[in-house]
Each structure stands twice: as structure tokens, then as C-alpha cells.
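> One structure follows; several queries about it will come next.
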Amino acid sequence: MEFLSSYPITSALIAANLVASFFAFANADFYEQNLFRIGNITRRNEYHRALTSGFLHVNPTHLLMNMFVLWMFGPVLERIFGPVGYLIVYFGALLGASAWMLYEKRNQLNYSAVGASGAVSGVILAYCLFYPFNMLYLFFAIPIPAVVFGVGYIVLSYMLSQREKAVVAHGAHLGGALAGLVLTILLKPEALTSFLQAVTGG
């Protein structure tokens, strides 16, 4: 209850993902009507899919992984931005992820994807901008400075997104991460200044 009262936006986002995803697990029609599919968006103008797909997941493991990361990093951004700014970053990253995939897969009308990974990527990269030398733990075991993780995440996501038969939507991770960074800088320009001073020792 303390987490709920202290971080109501993060709690609401997690709850929305849990409710939508578990409902979709039990309702194939709901899942089909709300997942991200290129053809339905570009040919049938079903633009809602760019948003609703970010609250659906392939399976419980996929869901719990994204929600664990959001639970870890979301409260930090909620404190920094406040409710409105935090929601702008979260949903901006989600839509940035969808926009990237729409462009990248524009000729693959049957391409489909789901997941909060794009939005969560934006949250993680925003965190890295504020705390570049905080340690993140790769695979929950290997300590790595946030700035190194952030740069590596963007580079690796781009490289993997170029693979023709990638199962994971790495382009969505990249689009969400970049959108999260840009929105963070627009909302909190001082974050970029402090980041540059921290990494350059200025």
C-alpha cells in the first residue's frame, strides 16, 4: 500500500498492463483487435493499435519482465517529473516505439508485435540521463554504469533491429529509448547539462 500511495502513476501503469494482458491471455479476439499490426494501422486506419499494443504481452514471463523493470525505474522518474511529465515520457516513448516500427516494417503488412518494452526503454534511458554513474546490473549480476548501459543499449538495439528475421522487436526498444531521451531533455533541459558535466568531469 505504501508503494501505491507514494507512486500512484507507476502503480496505475503496472495495473493497466496486468489487467489488459491477462484479459488478452484469456480473450483471443481482444488480443487480435489491439495488437500492433502494420497492415491494420496503415490500410485500415486502426491507429489505436499503436497505443493499445503497449499494454499487451506475449505471455506472463514477457509481462512480468517489463513490469519488474517499470517497478524498479518508474518511481525515480515519477519523483523527478511529477505525474504529468512522467506520463508524457512514458506514453511518448510508447508512441515513439510504435512510430519507429511503423517506418521500419512499413512494407511488412502482416508484421505484428506487443509489449511495454518500448515505453520501458524510454524510462530506463531517462534514468540513465539523470544518474549516469549509478550501477545497473546486467542479467541481475554484472554491474555496469548507467551511461555505459544506455549507450550500449541504443547501439545494440540498432544493430539487432537490422537483422531480417529478428523475433524481438529491437526497433521498438530503440524508438522508445530515443523518444524517452528526447522528451526528458525537452522537459528537463538541465538533465542534459548535468549529464555532460558528470561524464566529462566538468
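Laboratory data are not the source of any read-out in this text; all were calculated from the coordinates shown. The structure presented is a predicted model; accordingly, all values stated were derived computationally and were not measured. Note that we place each Cβ from the backbone using ideal geometry, even for glycine, and neighbour counts take in every protein chain shown.
> If you stretched the chain out fully between THR193 and VAL151, how much longer would it get, using 0.36 nm times the residue separation minus the C-alpha to C-alpha distance?
My answer for the length gained is 13.4 nm.
> Right, here's the next one. Pull out the extension gain between TRP71 and HIS48, defined as 0.36 nm times the separation in residues minus the alpha carbon to alpha carbon distance; nm, one decimal.
Numbers: separation 23, 0.36 × 23 = 8.28 nm, distance 2.53 nm.
Separation in residues times 0.36 nm, less the Cα-Cα distance, equals 5.7 nm.
> Normalised by the residues of segment 2-200, what does the relative contact order come to in percent, with Cα pairs under 8 Å and at least six apart?
Values: 291 pairs, mean separation 46.5, N = 199.
Here the relative contact order equals 23 percent.
> Moving on to the next point. What distance in nm separates the two pseudo spin-label positions at SER5 and THR200, each 7 Å out from Cα along the beta-carbon direction?
If labels sit at SER5 and THR200, their model points lie 4.5 nm apart.
> If you don't mind, there's one more thing I want to ask. What Kirkwood radius, in Å to one decimal, follows from the Cα pairs of segment 75-130? Before the final figure, lay out each step's value.
Details: mean 1/r = 0.0823 Å⁻¹.
That comes to 12.1 Å for segment 75-130.
> Determine the shape class of segment 1-56: with a ≥ b ≥ c the square roots of the Cα gyration tensor eigenvalues, call it rounded for a/c under 1.5, and otherwise prolate if a/b is greater than b/c, oblate otherwise.
Details: a/c = 5.36, a/b = 2.09, b/c = 2.57.
Oblate is the answer for segment 1-56, as a/c is 1.5 or above yet b/c matches or exceeds a/b.
> Based on the alpha-carbon set only, what is the convex hull volume of the chain divided per residue, in Å³?
Numbers: hull volume 25.2 nm³, N = 202.
Enclosed volume per residue, from the Cα hull, is 125 Å³.
> So what's the back-of-envelope 222 nm ellipticity for the chain, counting only DSSP H runs of four-plus at -39500 (n - 2.57) apiece and dividing by all residues, rounded to 500?
On the way: 10 runs with 147 residues, N = 202.
Calculated mean residue ellipticity at 222 nm is -23500 deg cm²/dmol.
> Return the FRET efficiency for the residue pair TYR137, ALA16: r is the Cβ-Cβ distance, R0 is 41 Å, and the value is rounded to the nearest 0.05. Write out the running numbers ahead of the final one.
Working: r = 27 Å, r/R0 = 0.66.
Step by step, r from the Cβ atoms, then E = 0.95.
> Using just the alpha carbons, could you tell me how many Å³ per residue the convex hull of segment 15-116 encloses?
Enclosed volume per residue, from the Cα hull, is 95 Å³.
> Moving on to the next point. What is the distance, in nm, between label points placed 7 Å from the Cα along the Cα-to-Cβ direction at VAL84 and at LEU64?
The modelled label-to-label distance comes out at 3.8 nm.
> Please list 3J(HN,Hα) in residue order for segment 178-184, calculated via the Karplus relation 6.51 cos²θ - 1.76 cosθ + 1.60 where θ = phi - 60°; whole Hz, with x for glycine and proline.
5, 5, x, 5, 4, 5, 4
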